[in-house]
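Report on one structure; see the data block that follows.
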Amino acid sequence: MRTGPPPSFASDSRPLAGSTHTNVQTNMTSTTTSRRAIPRTKSSYAKRDRRLAVILLLPAGITILLVMIIPLGFAFYTSFFNYSLGQEGNMAFVFLDNYVKFFTDPVALRSLLNTVIFTILSLAFCITIGVGISVLLRSLKPRTANVMRAIFAMPVLISPIIVSLIWRYMYDPTYGIVYFVLDHLGLGSFGGLTDSTTALFCIVITDVWHATPFIILVASAGLTVIPEELYEAARLDGASAPRMLFNITLPLMTKVLVVLILIRGTDAFRVFDLIYGLTGGGPANSTTSLSIYAYKQAFENNQMGFAMAASIVTLLCLIILFGPFLRNSAREKDA
Amino acid sequence: MRRTRGSVAIGLAVVASLAALTACSPGGSAPSSGASSDVTLTVSRWSGPQADAQQKLLDEYSKQTGVTVKMDAIDYGQLKQKQTLNMSTKTGQYDLVYVPEAWFGEYSQAGYLTPLDDMVKDTSLTGADWNQSDFEKSGLDVYTTAAGSLQALPYFAQTPLLVYDKDKLKAAGFDEPKTWDDVLKVAAYFKDQGSGIALPFKQGSAITNVMAALLAGNNTDFFDASGKLDLTSPAVVQTVQFMQALSKDSLAGSNGWHWDEVNKALQFGQAPIGISSSGLFTALEDPNQSNVSGKLGYAPLPYAQAPAGLLQTWAWAVPADSKNQQEAFKLAAWLDGKQALTEMSQADPSFISFRTSLAADPALAKNAPWLAAANEAFKNGVTLPLQPAAPELLDALATGLSGVVTNGDDPATMLQSVQNTEASKF
């Protein structure tokens with residue numbers, strides 16, 4: 001039972017946001033108290049309300065059950081079996097064998113490592129570049145900033161598979177513009193997509209090109225809620241631009257950044273289309289991600305049970321890596 | 001109220017009049033050129049240029065017979081999944097499915113396909129000019145089960161071939177490259193000139209297809225005489241060493257190319273020589289699309305012992321859950337008839353059928369200069385391994401070969417590694 005604002009609000013240094021939130025909280029508390037004052041639990045109104053609530057929630061609940069819980073449960077259940085697509089009648093129970101096989105398969109472990117490296121690099125570059133550009137755009141005149149934002153946003157409108165086709169030709173040593181430029185810089189020997197040591201990094205560059213506009217759009221929206229007065233005050237106090245970035249902008253964008261890390265991170269971890277179109281997982285599995293690995297097991301090697309186990313492992317990794325962010329973001333909402 | 005009723009009545013009368021007029025118009029009646037039929041057949045195949053030519057043939061069939069034929073042409077990547085889901089759940093959605101040899105064993109063992117042995121003997125279904133002995137035996141064998149039951153009609157074949165610019169090779173003093181040594185010399189020469197040989201050596205199916213054909217040309221196979229996996233035999237190691245040597249003289253980027261990129265490099269004249277798939281050759285000889293049309297020569301893949309090729313085939317099969325099996329077979333037999341096959345090859349010259357009488361047809365060869373080389377490759381043609389565990393073997397080999405041609409991994413070590421992980425599955 002909540003009896004007042006949580007302690008964090010007392011020490012909240014954000015004057016505008018803090019005061020507004022506290023007022024709302026106070027109003028909510030009083031409303032709750034006044035509601036409790038009416039003994040409704042035994043009344044027909046309360047029963048009717050509950051029934052109405054159940055009826056209204058039912059479609060959403062059934063939808064979640066049908067499209068999320070049951071398929072997930074089915075995937076988890078079938079990960080304990082060996083079977084082929086369309087051969088669900090001939091499933092052989094193998095219990096944890098598929099999971100043991102995954103963690104003893106060097107290709108699976110390589111794909112896990114590739115996925116983690118890809119996610120970390122992509123996330124780091126996307127957030128840094130995206131937030132950086134958003135901050136720079138904020139300092140421009142609104143009209144100029146809007147035009148620039150629209151131009152920067154273009155890549156996000158292209159589907160990932162098309163992006164992969166565009167970049168595949170850009171990276172091609174015979175036809176591609178990347179090598180045309182690199183040749184002029186004397187870097188024509190760059191391995192690109194055909195070298196195991198550079199292929200993953202090339203895909204990260206493509207992903208950053210494609211996903212950074214999304215960060216720019218969301219971060220720009222996040223920046224609009226920061227009061228301009230704070231920057232004016234800081235400028236009067238002689239604060240430098242980096243200090244304003246680290247002491248005002250980033251702390252006040254924490255919630256936005258958490259959401260961005262959550263969305264972009266899970267997206268990067270599940271990467272499929274880009275890699276499939278650019279390298280197909282090669283050369284020598286140097287770019288195989290968990291999604292590509294699971295896809296190959298399911299639809300090329302015909303091992304649906306094992307593919308399900310690989311997918312469940314991907315899900316568990318996502319929960320371990322991004323669960324804390326999700327919990328943190330939910331907590332922030334409660335507060 | 002009365003006015004409303006009156007309006008409704010007038011409206012209904014107008015609708016009825018329009019309906020009557022429509023029924024009397026030519027568009028509302030059955031096609032005048034063919035018999036009417038209540039049968040609707042649905043055909044499942046991959047989409048792409050050949051599918052467009054196929055659609056025209058199906059329309060022609062509908063005109064002739066009155067049978068409505070719908071073509072469900074989808075991306076190759078999703079085709080097997082969709083076919084399998086439909087046949088395993090017995091939806092009866094498909095009456096005719098386009099099947100490659102790689103899926104045939106699985107479909108057949110699962111009982112998805114109808115045996116065609118009786119139907120091919122029935123001339124009321126095949127037509128009077130059906131001549132089964134006209135089909136390449138190797139094609140019929142691929143779609144015959146171990147018990148001797150024919151379960152699909154072989155339709156389309158393709159094979160990897162060596163493609164070269166005749167003028168450029170002649171100017172450099174080379175004849176048509178035939179053996180491994182020949183092609184290594186040509187590739188090294190052009191590499192020194194700044195290009196090299198274009199190879200489909202991306203990690204994927206193409207590199208294993210090339211390996212299979214090269215193994216056949218070296219009189220060896222993935223398996224020994226007893227059917228056991230044998231990747232460490234000297235002949236197999238020698239073959240992969242040849243692939244590694246060839247890749248060193250390849251065009252920049254070849255290690256990340258699939259068939260289509262190799263074909264583009266040949267088509268635009270950037271590669272004077274390359275290995276591509278016959279199914280894509282139409283673009284090479286189309287003067288509107290190609291910089292080198294009329295200048296290219298075609299040969300079976302280079303060999304160490306004898307010319308050989310890879311049989312990559314597609315066939316028409318009638319699903320066991322089809323509600324129109326006889327009508328579906330009639331359509332398959334019509335499509336596999338000489339007339340329809342000729343029309344298909346005319347529409348898309350890269351379409352090669354299994355009818356031997358068409359293999360030497362000069363009219364078709366005129367538009368398809370690769371036909372002689374393809375037929376030579378088919379004579380000693382092999383298929384990829386078709387065992388249930390074959391996809392895993394080919395996947396492991398594709399990864400290993402990618403390491404050999406990209407990172408310079410030792411072929412013998414790579415093959416030993418794949419042998420160790422995959423041998424128990426065969």
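Please treat every number below as a calculation from the coordinates, not as lab data. Just so it is clear, the model here is predicted, and its values are computed rather than measured. Positions of Cβ are generated from backbone atoms using ideal geometry, with glycine treated the same way; all protein chains shown enter the neighbour counts.
Helices that extend 18 Å or more along their long axis by alpha-carbon positions and average at least 0.5 on the Kyte-Doolittle scale are, among the DSSP H runs of chain A, A:44-64, A:106-138, A:199-223, A:254-269, A:304-334. Positive-end ranking of A:Ser220, A:Ile161, B:Gln419 along the dipole of the protein assembly as shown, with charges on Cβ about the Cα centre, is headed by A:Ser220.
For chain B, what are the DSSP H helices with axial Cα length of 24 Å or more and mean Kyte-Doolittle hydropathy of at least 1.0? If you can, show how the numbers build up before the last one.
Working: long enough: B:2-24 (33 Å, 1.07); B:49-65 (25 Å, -1.50).
Correct list, ordered by number: B:2-24.
Shape verdict for chain B, please, from the Cα gyration tensor: rounded (a/c under 1.5), prolate (a/b greater than b/c) or oblate. In terms of gyration-tensor shape, prolate. Measuring nothing but how far apart in sequence close Cα pairs (under 8 Å, 6+ apart) lie, relative to its length, chain A scores a relative contact order of 25 percent.
Ignore the peptide's own chain and count Cβ atoms of other chains within 10 Å of each Cβ in A:283-289; give me the average, rounded.
On the way: counts 12, 14, 7, 6, 1, 2, 0.
Across A:283-289, the average partner-chain Cβ count within 10 Å equals 6.
Summing -39500 (n - 2.57) over the DSSP H runs of n ≥ 4 in chain B and dividing by its residue number, what mean residue ellipticity at 222 nm do you reach, to the nearest 500 deg cm²/dmol? Write down the numbers at each step before the final one.
Numbers: 19 runs with 201 residues, N = 426.
After summing the helix terms and dividing by the residues of chain B, the value is -14000 deg cm²/dmol.
Restricting attention to region B:148-213, lysine pairs at least eight places apart or on different chains and with alpha-carbon atoms under 23 angstrom apart total 12. Dipole size of the protein assembly as shown about its Cα centre, with +1 on Lys/Arg Cβ and -1 on Asp/Glu Cβ: approximately 4380 debye, rounded to the nearest 20.
For the pair region A:182-227 and region A:65-103, the centres of their Cα atoms are 37 angstrom apart.
Determine the relative contact order of region A:254-335: mean sequence separation of Cα pairs under 8 Å and six or more apart, normalised by residue count, in whole percent.
Working: 56 pairs, mean separation 24.9, N = 82.
Reported relative contact order: 30 percent.
Considering all different alpha carbon pairs of region A:97-334, the Kirkwood hydrodynamic radius works out to 19.8 Å.
With Cα atoms defining each centre, region B:379-409 and region B:274-307 are spaced 23 Å apart in the structure. Listed by chain and number, the aspartates and glutamates whose alpha-carbon sits under 13 Å from that of B:Lys228, ignoring those within fewer than 8 places in the same chain, are B:Glu422. Can you tell me how region B:99-197 classifies by the Cα gyration tensor, rounded, prolate or oblate, using a/c under 1.5 as the rounded cut? Here region B:99-197 falls in the prolate category. Note on A:166-172: average number of Cβ atoms from other chains within 10 Å of each residue's Cβ is 2. Set the bar at 25 Å for Cα to Cα. Now go through B:Lys137/B:Lys330; B:Lys70/B:Lys137; B:Lys137/B:Lys338; B:Lys70/B:Lys338 and name every pair that lies beyond it. In this structure, B:Lys70/B:Lys137 lie more than 25 Å apart at Cα.
Semi-axes of the equivalent ellipsoid of the protein assembly as shown: what are they in whole Å, largest first, if each equals the square root of 5 times a C-alpha gyration tensor eigenvalue? Walk me through the intermediate numbers first.
On the way: eigenvalues 582, 307, 155 Å².
Its equivalent ellipsoid spans semi-axes of 54, 39, 28 Å.
Remark: mean inter-chain Cβ contacts per residue of A:302-308 equal 2, using a 10 Å Cβ-Cβ cutoff to other protein chain atoms.
Please compute the Kirkwood hydrodynamic radius of region B:329-387 from all pairs of different C-alpha atoms, in Å with one decimal.
Details: mean 1/r = 0.0803 Å⁻¹.
Its Kirkwood hydrodynamic radius stands at 12.5 Å.
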